[in-house]
Amino acid sequence: MASDTSQKRGRPLEGVRILDLTRHLAGAGSTRILGILGAEVLRFEWPHPPALDFLRLSGPNADGVPGMNRSGFFAQTNVHKKSVALDLSTPRGQEILRKFVPLCDIVVESFTPGVMKKWGLDYAGLRALREDVIYVAASGFGHTGPLRDYRSVGPTAQAYSGLTAMVGLEGCEPAGWGFSYMDHMGATMNAAAMLMALERRRVTGKGEFIDGGQSQHGAALLGPMLLDATINGGTIAPRGNRDLYGDYAPANAYRCAGTDRWVTIAVRSERDWLALCRALGLDDLAARPELRTLVGRRAAADEIDAAIAGWTSGRDRYQVMDVLQAAGVAAGVVQHVDDKAERDPALAARQFYTAIDDDILGRKRYEGVPLTSEEFDSSITTPSPWMGEHTREVLTTVLGFSDAEVDELAAAAVIWEADVKREGRTS
C-alpha cells in the first residue's frame, strides 16, 4: 500500500548552506537541485552589467515584457534560493563575502577561471577561512589544461565534447542536441559532485576542490561511440532516428496523423517483431523467415519502415503508442513542449510539476527534480527570488549586521535591495 505523503520527512539537505556565485544554467541549475532538496542557497548577484546574470532578462518574459524579475527562464532555474545583491567588484563587497564563507558548507561559482583567485577566494583562500569547505567551479573547459581560459556556453562545450556531431539526419549537417543540453547535464553532474563531496566530508571531515568542465561532462556521454572509434578506427556519422549500432530493427520515428506528429518504435527480439506485425496487421512481413532475425530486419530496414509508416500515418500518435504498448512493443509518442506542460498523465501522476504563485509571473508550473521518494519532500514551494529580495534578511540574520549597517552599505552602493512592499511581493 502506498504511504501517506503527508507523513514524509523533511528535505534531506536541511541544514546545508550554499554560497552561490553561479550564473546562467550550468551553475545555477546545480544549486537549484540542492535547494529543492532542502539546502539553504544564498545567491549572490548584482543588478548591473557586466555582473548581471543575463538569464534575468532572457525570455520568455511575463506578458512579453522584459524586466529584472520577469524572466520565466530565470524563475525556473532559481527556485528555492535567496537573492543577496552585493557588489563583488568592490573591496567592501569582497570583505562581506569572506564573512559568509565560514558559515557555508559549499561555495559554487561559474566565473571564468582566474576571477576567484584575483579576489583571493580561490580554493586556498577559501580554505584559510574554512578548512573543510567544498568548492565547486563550473566552467566551460575546467581550471586546468590548455583551454582553461577559453570562454564557453552550453552549445560551445557540447560541440567541443563531440556530442553535436552525433546528432542529425543521415547525409546532413550536424543538428546538435537541442537547447543548451550541456547546460542541463553540467548542472546535474555538478549537483552530483556536491552530494558526493558532502558525503565524503561526513566520513573524512575533509573538504575539497571540484573542477567541473562542461566539455568534459559532454565527453563522458560519448560512451560506445568513442569506444567504436578507438577499436575500429571509424567515425560516427548521424543516422537520424535509427539505432546507431543496429541492436534494434526496426527502430525509428514514424509519422502519425496531424501536423508534425510522430511516434518512436523499437524492436529488438523476434518476439517483439512478431508482436509488432500482429498489432499492425503486417502478416506478409511476419511470414518471411529472414525477418525474424536482427540481421535480416536491418537489411530490409527501408521496406519495414515504409510498411510501419503506412499504418501509423493515418492514426493518432497516442493511439499508436497505446496499441503497441498493449502488444508488448516499446513505443513512445514524440511529445511537444505543450504536451509535456498540459497533457502528460505520467508526470502529473508523479507530481513532477508544481504550480505556485508569483506576484509578477502569476501562477506558474515549475519542474521538480526528476525523482520521487516516499521518504522526503521534493516539491517546489518557493518561487525564484527578486533581485536583492533577501539582501537585508541575510545580512542581518546570517552575519548579524544591524539595520543601520545595512542602510550604510546601501547608501555606499555596496549592496542593493528590492523594495518588495512597493513592488508588490506579498510572500
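The values are calculated or read from the model by the stated rules, or taken from the named source; none is laboratory data. Bear in mind that the values here come from a model prediction, so they are computed numbers and not experimental data. We place every Cβ from the backbone using ideal geometry, glycine too, and count neighbours over all the protein chains shown.
For this structure, a couple of remarks:
- The conditions of being buried (at least 22 other Cβ atoms within 10 Å of the Cβ), among the aromatic types (F, W, Y) and assigned by TED's automatic domain parsing to the domain that holds D53 are met by Y135.
- Candidate set from segment 323-344 (those that are assigned to a helix (DSSP H, G or I) and more than 12 Å from I265 (Cα to Cα)); member that is farthest from the chain's Cα centre (by Cα): A326
- Of all the criteria given as (1) buried (at least 19 other Cβ atoms within 10 Å of the Cβ); (2) closer than 26 Å to W177 by Cα, the one not satisfied by M116 is (2).
- The residues of segment 243-260 that are surrounded by 19 or more Cβ atoms within 10 Å (Cβ to Cβ) and not in a strand (DSSP E or B), listed by number, are Y248, A249, P250, C256.
- Test: residue in segment 88-98 that is among the hydroxyl-bearing types (S, T, Y) and surrounded by fewer than 23 Cβ atoms within 10 Å (Cβ to Cβ): yes
- Identity of the residue in segment 163-190, surrounded by fewer than 16 Cβ atoms within 10 Å (Cβ to Cβ) and aliphatic (A, V, I, L, M), that ends up modelled with the lowest pLDDT: A175
- Within segment 267-293, tally of residues that are in a loop (DSSP other than H, G, I, E, B) and either touching a residue at least 40 places away in the same chain (Cβ under 8 Å) or in contact with a strand residue (DSSP E or B) (Cβ under 9 Å, 6 or more places away or on another chain) (or both): 2
- The helices (runs of 4 or more DSSP H) located wholly in segment 26-117 that include 3 or more residues which are β-branched (V, I, T) and either modelled with pLDDT of 95 or more or within 21 Å of the chain's Cα centre (by Cα) (or both) occupy 26-36.
- Output for segment 23-74, where each listed residue is surrounded by fewer than 23 Cβ atoms within 10 Å (Cβ to Cβ), among the small types (G, A, S) and either touching a residue at least 24 places away in the same chain (Cβ under 8 Å) or not assigned by TED's automatic domain parsing to the domain that holds F179 (or both): G38, A51, A62, G67, G72
- A single entry from F73, F111, F100 fulfils the requirement of being under 29 Å from G362 (Cα atoms) and either of a type outside the set (D, E, K, R) or touching a Cys at 6+ places or on another chain (Cβ under 9 Å) (or both): F73.
- With respect to the stated conditions, H24 is under 19 Å from A193 (Cβ atoms) and either of a type outside the set (A, V, I, L, M) or touching a Pro at 6+ places or on another chain (Cβ under 7 Å) (or both).
- Taking segment 313-367 as the range and being loosely packed, with under 15 Cβ neighbours inside 10 Å, acidic (D, E) and over 28 Å from N69 (Cβ atoms) as the test, the residues that pass are D322, D339.
- In segment 122-157, residue nearest to the chain's Cα centre (by Cα) [restricted to those that are assigned to a helix (DSSP H, G or I) and either among the small types (G, A, S) or over 24 Å from L195 (Cβ atoms) (or both)]: G154
- A Cβ distance below 7 Å, combined with a sequence gap of six or more or placement on separate chains, defines the contacts here; from segment 160-178, residues that are of a type in the set (F, W, Y) reach residues that are not in a loop (DSSP other than H, G, I, E, B) in the pairs Y160/S215; W177/Q158; W177/T164.
- Failed item, numbered, when V369 is tested on (1) at pLDDT 95 or above; (2) among the β-branched types (V, I, T); (3) assigned to a loop (DSSP other than H, G, I, E, B): (1)
- Count of segment 385-420 residues which are at pLDDT 95 or above and out of contact with any strand residue (DSSP E or B) (no Cβ under 8 Å at 6 or more places or on another chain): 15
- Residues of segment 274-306 satisfying the condition of being closer than 20 Å to R239 by Cβ, crowded, with 19+ Cβ neighbours inside 10 Å and either touching a Cys at 6+ places or on another chain (Cβ under 8 Å) or not β-branched (V, I, T) (or both): R297, D305
- Residue within segment 224-235 that is surrounded by 17 or more Cβ atoms within 10 Å (Cβ to Cβ), touching a helix residue (DSSP H, G or I) at 6+ places or on another chain (Cβ under 7 Å) and not acidic (D, E) present: yes
- Scanning segment 158-184 for residues that are assigned to a helix (DSSP H, G or I) and touching a Phe, Trp or Tyr at 6+ places or on another chain (Cβ under 9 Å) returns Q158, Y160, T164, M166.
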